[in-house]
Amino acid sequence: MPSRFLPARSSRHRVACFALYRSLLRQGLRVPLPDDLSTTSPLGPANPIQTLIRNAFRRNKRDESPRLVVSALKNGYRYLTLLSHATDPSTPEHASILTFLRSNQTRVLTLKKKTAAQAATRISTAPNPDRVPLLTKISADGESPPVYAPTSPHPRPLSAFRSGVRKPPTLAAATGVPFLRFWKPMPRFLERVIRQKTERRQKRIFSIIEMHGEGMEDARDEDRWERLVEGMLREEKGGSSGRGEAAGEGGSEGEGTTPPPEVWDRTYRQTLWEAIEQTSAESEREREDMVARAKAMWDIVVAEQEMAVQEEKERLVREGKEGQEPRPRVWKRSVHKKGRNRGPGKGEQAQEKEKQPKQVKILRVLSIPRTGSEGTPEETKPAGQ
């Protein structure tokens, strides 16, 4: 059966621990140390004994097991005795403390160098000021919907591909954020951008839901309370009683009970509705911006695909294979392997739906017309028809 004793909630245990902590700190200052371990130490001018004591107490402060607590207290009292004997530089206890401090200093310096080396080789996800953006906004500020165009000319030259073979990018979307997949794995900075956009969008949606729910009820109660207080003040001054309780519930007001316009022009509920409308408009502008970006990205995909087909035809002509159909290389992202049993719960119609290219699904969700191999838009039925 687990023990119900919590050391952190026992006043006697806390007093004993604090007394041991202070005694160890005071006794640690009395141990003479050379300059290479104190004032001129590469770890700083702090007393290393006090640093070790503070770290040990901070590391064990959440222990609740009686076995661990008793063992820690016994070690603390034993080290207190050791520090008391080490005040004399000629004792073996003082020599053992110096040996331990030097070995600990070497260990800490090695660990810091290793951590610095790992941090230097870590891939940074911070924005690179020298990087050219993929898209540039060409529409005027405030124009709705916005219009984007590729910053650099597309299709790219064949020399831009490391393998010497053109692989057209793939239009993908994560939580509604469109992006182009040029290679695998996905860059970390792209993951960071998608995650931040998703978090901001979710936070905005949650705030709208909260304002529509409990926020609106609290605003209604607050407006009613203000009307009641205003009515009581008017009664004390001998004036009209204001809108009253019925007006606070949304009822009609009679003659002589309507306050001046400057009092009730903007209520708490009206301010809340304005905040909801502003947040919703911001979400709509963000959706239009993502749709505009997806259209520009799809133009890049079409241009790269057309150039890939042309280059593949030229390669077949050079190799004397004019009769073969050109098949440019693409990024394969198949979820299921060929010949794999997908389970008895899916019918032929579901399997045919899974075989559809993912780009077509994304374009249907974003309501973007798909273009054919010649660059002309094809008729794409909306999802659900």
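The values are calculated or read from the model by the stated rules, or taken from the named source; none is laboratory data. Computed from a prediction, not measured in an experiment: that's the story for all the values here. Note: ideal-geometry Cβ built from the backbone for every residue, glycine included; neighbour counts use all protein chains shown.
So that you can scan it fast, the table gives a plain yes or no per residue for (1) surrounded by 13 or more Cβ atoms within 10 Å (Cβ to Cβ); (2) in contact (Cβ under 8 Å) with a residue 40 or more places away in the chain; (3) aliphatic (A, V, I, L, M); (4) more than 30 Å from Met307 (Cα to Cα):
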{"position": "Pro48", "(1), (2), (3), (4)": "yes, yes, no, yes"}
{"position": "Asn55", "(1), (2), (3), (4)": "no, no, no, yes"}
{"position": "Thr81", "(1), (2), (3), (4)": "no, no, no, yes"}
{"position": "Pro89", "(1), (2), (3), (4)": "no, yes, no, yes"}
{"position": "Ile97", "(1), (2), (3), (4)": "yes, yes, yes, yes"}
{"position": "Thr106", "(1), (2), (3), (4)": "no, no, no, yes"}
{"position": "Leu134", "(1), (2), (3), (4)": "yes, yes, yes, no"}
{"position": "Lys137", "(1), (2), (3), (4)": "yes, no, no, no"}
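Any idea which residue in segment 182-228 is farthest from Ala275 (Cα to Cα), counting only those that are polar (S, T, N, Q) and surrounded by 13 or more Cβ atoms within 10 Å (Cβ to Cβ)?
Thr198
Name, by its number, the condition in (1) farther than 21 Å from Arg287 by Cα; (2) touching a residue at least 12 places away in the same chain (Cβ under 8 Å); (3) not acidic (Asp, Glu) that does not hold for Val147.
Going through the list (1) farther than 21 Å from Arg287 by Cα; (2) touching a residue at least 12 places away in the same chain (Cβ under 8 Å); (3) not acidic (Asp, Glu), Val147 breaks only (1).
Consider Val291 carefully, then state whether it is surrounded by 13 or more Cβ atoms within 10 Å (Cβ to Cβ), at pLDDT 50 or above and either not assigned by TED's automatic domain parsing to the domain that holds Glu222 or not in a helix (DSSP H, G or I) (or both).
no
Where the second residue is surrounded by 10 or more Cβ atoms within 10 Å (Cβ to Cβ) and among the acidic types (Asp, Glu) and the first is assigned by TED's automatic domain parsing to the domain that holds Trp183 and modelled with pLDDT under 85 and lies in segment 152-166, which pairs have Cβ atoms under 9 Å and are six or more apart or on separate chains?
Within 9 Å, the pairs are His154/Asp299; His154/Glu304; Arg156/Glu304; Leu158/Glu311; Val165/Glu311; Arg166/Glu304; Arg166/Glu311; Arg166/Glu312.
Going by the structure shown, is Ala8 farther than 28 Å from Lys113 by Cβ and either touching a Gly at 6+ places or on another chain (Cβ under 9 Å) or among the small types (Gly, Ala, Ser) (or both)?
yes
Tell me, which helices (runs of 4 or more DSSP H) lie completely within segment 1-97 with 2 or more residues that are among the aromatic types (Phe, Trp, Tyr) and under 43 Å from the mean Cα position of the chain (by Cα)?
Those helices (runs of 4 or more DSSP H) span 11-29.
Taking segment 18-62, which residues are small (Gly, Ala, Ser) and at pLDDT below 90?
Ser38, Ser41, Gly44, Ala46
Quick check on my filter: what residues within segment 131-169 are part of a loop (DSSP other than H, G, I, E, B) and touching a strand residue (DSSP E or B) at 6+ places or on another chain (Cβ under 9 Å)?
Selection gives Leu134, Ile138, Ser139, Pro146, Val147, Thr151, Pro169.
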